[in-house]
Amino acid sequence: MNFELPVLAPSILAADFTQLGNDIKDTLKGGVSWIHCDIMDGHFVPNISYGPSIVQAAKKAAPEAFMDVHLMIENPDDYVENFVEAGADLISVHYETCPHLHRSIQNIKKYGLMASVVVNPATSLQNIEPILEDVDLVLIMSVNPGFGGQSFIESSYEKLRQLAEMREEKELGFLIEVDGGVNLKNIEKVVEAGADVLVAGSSVFRAENITARVEELHSKIR
Ligand code: DX5
Ligand code: ZN
């Protein structure tokens, strides 16, 4: 998959679920090609969101879109196949939920998907250094996972810069994704700090006009 970077990745967590398909199609009209799906189990994070059937529905609404599935769940290895079958193109697992992270990443890649590791705000990048050469993407949480609509944690900028430096030093090619609190005000600074993929939930789906908001966000990063 090659994308024009940076890429905007609307998180459907913030969509109007009474008209999920239309909301997704409105983002496509604005040029979106990457959809972010937040899966929450009420154990790893204090919220329950949705499962594979919603990912499948999103894929049906946007068959051409790249489906990025963010597993905020305990024992993610047990659910990878369900999300592969639902149409995922990439699966992200949290460092904090994978005691055998190398095996978890291999378990995603064996299905031919892109594999990604996620770090929470208080997890240091040194923890994932050994796995960087095996992942296709690193997802930096810029909010504490579990809810949309939170404020961007300022220390995430430095974390983004550090990760971009690590990638350069090691001459690796993984993408850097940032997730949580990204909006019209900070999106340019987030890209400057090194993000390639920008998750935006409420900033996109809570807008009066979703398509216009996507175009506005795109105008700031392209
Ligand atoms: C939070 C999710 C984020 C969130 C982003 O746990 O991982 O993707 O939905 O939503 P906003 O952009 O509203 O912070
Ligand atoms: Zn997410």
* To do: Determine the dipole magnitude for region 7-221: charges of +1 sit on the beta-carbon of Lys and Arg, -1 on that of Asp and Glu, nothing else is charged, the reference point is the Cα centre, and the result goes in debye to the nearest 20.
  => 400
* To do: May I ask you to derive the relative contact order of the chain, considering only C-alpha pairs under 8 Å and at least 6 residues apart, and to give it as an integer percent?
  => 23
* Structure fact -> Rounded to whole Å², per residue accessible area for the chain with a 1.4 Å probe reads 44
* Two-decimal Rg/Rh of the chain from alpha-carbon positions, Kirkwood Rh? -> 0.93
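Listed highest first by mean packing, meaning other Cβ atoms within 10 Å per residue, what order do 176-186, 98-108 come in? Don't skip to the end; give the middle numbers.
Values: 176-186: 22.4, 98-108: 16.4.
The packing order, highest mean first, is 176-186, 98-108.
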* Carbon and sulfur atoms: what percent of the 1.4 Å accessible area of region 34-89 do they account for? -> 47
* Structure fact -> Share of Cα-Cα pairs in region 96-151 beyond 19 Å, whole percent, is 31
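Quick one: which of Lys60/Lys220; Lys25/Lys109; Lys60/Lys109 span more than 26 angstrom between C-alpha atoms?
From the list (Lys60/Lys220; Lys25/Lys109; Lys60/Lys109), the Cα-Cα distance tops 26 Å for Lys60/Lys220; Lys25/Lys109.
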* Could you tell me the largest-minus-smallest coordinate of the C-alpha atoms of region 14-72 on each of the three principal axes, in descending order and whole angstroms? => 35, 22, 18
* Structure fact -> Cross-link reach from Lys59 to aspartates and glutamates, straight Cα distance under 12 Å and at least 8 residues apart if same chain, gives Asp68, Glu85, Asp89
* To do: Determine the distance separating the Cα centre of region 1-75 from the Cα centre of region 200-215; give it in Å without decimals.
  => 14
* Share, in percent, of DSSP beta bridges within the chain that are antiparallel, nearest 5 -> 5
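The values are calculated or read from the model by the stated rules, or taken from the named source; none is laboratory data. Values in this document were obtained by computation on a predicted structure and should not be read as measured data. Every residue, glycine among them, receives a Cβ derived from its backbone with ideal geometry; neighbour counts consider all protein chains shown. These area figures cover heavy atoms from the full protein model, side chains too; ligands, DNA and RNA do not enter into them. Shrake-Rupley method; radii C 1.70, N 1.55, O 1.52, S 1.80 Å.
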